[in-house]
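Notes follow the structure.
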Amino acid sequence: MKKTSHPKKIYVELTTRCNLHCKMCVKNMDGSCIPEEDMPLALFDNLLPALTYADNLILNGIGEPLLYPHLLEVIRLARLQLPAAADIGFQSNGVLLNKNFSQELIEAGLSTICLSVDDMRECTSKNGGNSGEHSFSAVQKAVQCLAWARVKTGSNLTIGLEIVLNQKNVEELPALVDWAADNHLDYIITTHLIQYGNTTESVNMFNPNSSDA
């Protein structure tokens, strides 16, 4: 019998909507035409047979997964279809997490979550309100809620951080590693900054290509 290959890692973008308006996001670049919409639940149902042999399901894309109205149902459906040892996870800004929501995510079958970090400062507008960007206090609160839910449920949920390094935040990395260790986080992912638009600002650490190139 001919052996059939199956995808082992599957990415599903549930939504392109987000509750923040970060300056570096591709959605906020000049000329962006990314629509604001959610994946129909029926479309996800069509993907379920593909999960039978997968090792990882990542519910991630441009948008914030916690905004997706059927997130818990999607995780439950996937957990029933995936192999027992498979991981279900996503990256999130964590702003919408509280203790109850964190517990519900774990009980639905979530096994890993990665919280995005811009830097370790607070983001406020000129009038003292929220700037629409990502503050470190939101990450701190999300970690506290997830850690509480992990203990409450007795789960093996892994909690990590992801930071896009640039010349403005790279010096904070040692302090972030210390903070993550103190709060019993499981991993940190660091990536480089990719310039989406034409810019003359020299803030990209790793890509030596000029805009002309």
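Below, the figures for the structure above:
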| item | result |
| --- | --- |
| Derived scalar couplings ³J(HN,Hα) [region 150-159; Karplus, 6.51 cos²θ - 1.76 cosθ + 1.60; whole Hz; x for Gly, Pro] | 4, 5, 4, 8, x, 8, 9, 3, 9, 10 |
| Heavy atoms of SER155: accessible area, 1.4 Å probe, square angstrom to 10 | 30 |
| Förster radius 35 Å - calculated FRET efficiency between THR153 and HIS6, Cβ distance, rounded to 0.05 | 0.70 |
| Amide H contacts under 5 Å for SER92, placed H, 5+ residues apart | CYS114, LEU115, SER116 |
| Nonlocal amide H pairs with THR15, under 5 Å, H built at 1.01 Å | MET39, GLY63 |
| Amide hydrogen neighbours beyond the local backbone of ASP87, cut-off 5 Å, H modeled | ASN56, LEU57 |
| Difference of contour (0.36 nm per residue) and Cα-Cα distance, GLN81 to VAL170 | 28.0 nm |
| Total formal charge among the other residues, if their Cβ is under 13 angstrom from that of ILE75, Lys/Arg +1 and Asp/Glu -1 | -2 |
| ³J(HN,Hα) computed for each position of region 106-115 - Karplus, 6.51 cos²θ - 1.76 cosθ + 1.60, integer Hz, glycine/proline x | 5, 5, 6, x, 5, 10, 8, 9, 10, 9 |
| Burial ranking of peptide ranges 64-72, 76-84, 178-186 (average Cβ count within 10 Å, highest at the top) | 64-72, 76-84, 178-186 |
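The values are calculated or read from the model by the stated rules, or taken from the named source; none is laboratory data. Remember, it's a predicted structure, so these values are computed and weren't measured experimentally. Cβ: placed from backbone, ideal geometry, glycine included. Neighbour counts: every protein chain shown. The protein model used for the area step is the full one, side chains on, heavy atoms only, and it has no ligands, DNA or RNA in it. Shrake-Rupley method; radii C 1.70, N 1.55, O 1.52, S 1.80 Å.
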